[in-house]
1. Show me the ranking of peptides 91-103, 13-25, 49-61 by mean Cβ neighbours inside 10 Å, starting with the highest.
2. Is there a pair in LYS93/LYS123; LYS10/LYS56; LYS10/LYS53 whose C-alpha atoms are over 22 Å apart, and which pairs would that be?
Amino acid sequence: MAYICDNCGKGRIHGHNVSHAKNRTHRLFLPNLQTVSIVGEENRAKSVRLCTKCIKRMRKDGKIASFIPKINADKSAKVTTPSTKHIDREEKKVQEVLKKEAKKAVKKSNPSISLRVKEAKSKEAKAKVQV
């Protein structure tokens with residue numbers, strides 16, 4: 001059984017103990033989980049592992065009854081679709097790199113082209129200065 005809160009999903013976190021001499025040793029930060037039995041709609045008790053923040057929140061709000069369907073819900077029913085933003089960015093980066101490599105290859109194969117480009121840029125700069 002995983003060390004995870006059944007309500008909020010809080011679990012263990014990896015971190016370091018840091019001494020005065022700044023030596024770092026690995027450690028785990030564990031949530032304060034408590035086993036609580038909750039009476040459901042059918043008057044049956046169900047034992048649940050909850051973190052103390054969730055227990056405090058439920059006692060304050062009195063929403064223990066709204067928590068019951070969350071326990072009984074099938075966890076495999078959650079469907080998530082991956083984001084495509086990073087894929088689009090990677091494609092753009094690849095295209096930019098390919099363009100730059102193509103320009104470099106053209107300049108290396110024909111050095112007179114790079115001279116023509118430099119001359120054109122200098123003419124543009126002179127034209128801007130004259131205006």
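Throughout, read-outs are computed from the coordinates displayed, never taken from laboratory work. Given the structure is predicted, the values throughout are model-derived calculations rather than measurements. Because the Cβ atoms are built from the backbone with ideal geometry, glycine has one as well, and the counts that use them run over all protein chains shown.
1. Details: 91-103: 10.2, 13-25: 8.5, 49-61: 15.1.
My ranking of the peptides, most packed first, is 49-61, 91-103, 13-25.
2. Working: LYS93/LYS123 31 Å; LYS10/LYS56 15 Å; LYS10/LYS53 10 Å.
Table pairs above 22 Å Cα-Cα are LYS93/LYS123.
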